[in-house]
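Trainee: One structure is given below, represented as structure tokens, and several questions about it will come after.
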Amino acid sequence: MATGETGFDDVHFDLISVQYHALKAGHDYGQYVRDAENAGKDDIAAFFREVMSQDSTRAQKCHDFLVQLGGTDTAPPQA
């Protein structure tokens, strides 16, 4: 396995990076949903909920791959 400048192999680093950004974005989208709801834009709020759900799925898939690679055996929090 090739290692990048971090000392971690690229696949682990890449999965962790995608997972982190998906979880971070999911957190931020909560505010976007509230902003849209406060503006009375239910269709936009629904869009942000859909995007949040997609990022949650993406983060879970990264977690599953990391488990397969032996990166972790801890279950993610359940919604």
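Since every read-out is calculated from the coordinates, none of them should be taken as a lab result. What you see is a predicted model; the values in this text were computed from it and never measured. Note that each Cβ is placed from the backbone with ideal geometry, even for glycine, and that neighbours are counted across all protein chains shown.
Trainee: Calculate, for residue 53 and residue 17, the FRET efficiency according to 1/(1 + (r/R0)^6) with r their C-beta to C-beta distance and R0 22 Å; round to the nearest 0.05.
Mentor: So, using R0 = 22 Å, E works out to roughly 0.60.
Trainee: Only four residue types carry charge here, +1 at the Cβ of Lys and Arg and -1 at the Cβ of Asp and Glu. Report the dipole size of the range 10-68 about the Cα centre in Debye, rounded to the nearest 20.
Mentor: In debye, rounded to 20, the range 10-68 gives about 80.
Trainee: Now, a different point. To the nearest 0.05, how large is the calculated FRET efficiency for residue 64 and residue 43 if R₀ is 30 Å and r is the Cβ-Cβ distance?
Mentor: After rounding, the FRET efficiency stands at 0.40.
Trainee: Have a look at the range 10-68 and give its Rg and Dmax from the Cα atoms, expressed in angstrom.
Mentor: 13.6, 44
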